[in-house]
Amino acid sequence: MKITEIRTYLMHAGAPSLKTWAADGSFGTQSYSKNLTGSRNWLFVKIFTDEGITGIGECSGWPRVIETAVKDLSRILVGEDPTHIERLWQKMHIAIMGHGLTGTVGAGAITGLDMALWDIKGKALGVPVWNLLGGKVRDRIRIYAHANTAEAALSLKERGFTAFKCGGVSDPVRKVAMLREAVGDEMDIAIDLHGPPWLTPADAVQVCRALEPYRMMWVEDPVAPDNLEGFRRIRQHSSVTLAAGERQATIFGERELIEDGLVDVIQPDTGRAGGITQMKKIAAMAEAHHIMMAPHSGSLGPVAEYAALHVLAAIPNGYILERIEDDWDGRAKTIVPHPVQQDGHIAVPDAPGLGVDIDEEFVARFPSEANVSIPVTEASGSYAPGTYKEHLYVQTRTRRGVYFPKD
Ligand SMILES: [Mg+2]
């Protein structure tokens, strides 16, 4: 079998005005805006072969940029045998050496192509991708969604979810206390502090220690993702469960978080961590350190979500999958079939390959406009009044009582 052609499908992943998971107030969104000032994109890739088998993949990590990277990489894949996935992964990795080897943009491009290669291999052999990864550890994948209010959390509980995540750096401890009070002890609660340097390590230690009584599923990115020294300091001073890894890619990018035991849960993004090939390896590295994997799904589209289902089906330390459930009804229309959600779980697909394809006509109806988040505004409510124009470093150093526990 030979690769004959690779096509890209870039779309604006639209959504009405919703609260983002990062925010507390009611306002227009940062990353889902339909305006040109900021938007979320999904990039799908399709690999065609001379035997008529096609493979689908998805790249996140800055899709508008990655589309060009995929077209560059296509030049070295056409004519190759798509079943030699590891060899082609290494070929792509070396090809981007001049652009850096560990970033999420280059890895995001490799990710979609790698995913499509696994899809082709599964279809060629007539087996689902999880079967190629060693077989099933589990038949269904536990999922969590997002909630920042008691009303939203209780709605998830009623729909069968057993876990959810809240977010935002303003007053996180009181928010978690309110949510824990609302849902009781049976639901798992995580909080995402979102990484950028809003919090110093000392601030983050305060927050993490104050969150300990609430039995957190995890506290995510309490300091900037590259502030490994900050993670070490939090580790020394708090027993809270820590999670990170969404902004790193490949085994090389995730290595230190895992090997130094800086997290309890590693969160590579299935759309940009380097593909199924890397997700399986990252999971094995984490397993060796008794660390669970919970793939990130922040901007992840529906094809990458399918890939995550296959990975989580096959790894023993698969914890739970992030699910952006209520973002946009177009999510369900973008792919065929849409995964069935029941009792806070999604069944592992059994069709050959990934078991999913995109609806190309639907995707074409949403051309890409822009692909960056809007800087926050005063209306976001994410920062203390009067500070939103300040740099991130300054915002949380002003009116500190808004951000940190007072008890
Ligand atoms: Mg996050």
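Within region 256-280, the set of residues being touching a residue at least 60 places away in the same chain (Cβ under 8 Å) and either within 20 Å of Pro201 (Cβ to Cβ) or in a helix (DSSP H, G or I) (or both) comprises Gly275, Ile276, Thr277, Gln278, Lys280. Take the conditions away from the ligand (no atom under 16 Å from the Cβ) and not in a helix (DSSP H, G or I) and apply them to Asp226. Does it pass? Judged against the criteria, Asp226 is not a match. Selection of first residues in region 150-172 that are assigned to a loop (DSSP other than H, G, I, E, B) and of second residues that are away from the ligand (no atom under 16 Å from the Cβ) and of a type in the set (Ser, Thr, Tyr), restricted to Cβ pairs under 8 Å at least 6 apart or on distinct chains, gives the following pairs, ordered by first then second residue: Val169/Thr396; Val169/Tyr403; Ser170/Tyr383; Ser170/Tyr403; Asp171/Tyr403. Here Asp226, Asp260 are screened, and the one residue that is assigned by TED's automatic domain parsing to the domain that holds Ile189 and either closer than 30 Å to Gly353 by Cβ or modelled with pLDDT of 95 or more (or both) is Asp260. From the list Trp198, Trp218, the lone residue that is within 16 Å of the ligand (Cβ to nearest atom) and modelled with pLDDT under 90 is Trp198.
Screening the candidates Ala190, Ala182 for the property of being at pLDDT 95 or above and part of a strand (DSSP E or B) yields one hit, Ala190. Quick check on region 277-288. Is at least one of its residues assigned by TED's automatic domain parsing to the domain that holds Arg180 and within 15 Å of the ligand (Cβ to nearest atom)? No - not one qualifying residue is present in region 277-288.
The values are calculated or read from the model by the stated rules, or taken from the named source; none is laboratory data. Since the structure is predicted, the reported quantities are computational estimates derived from the model, not experimental observations. Cβ sites come from the backbone with ideal geometry, for glycine too, and all protein chains shown count toward neighbours.
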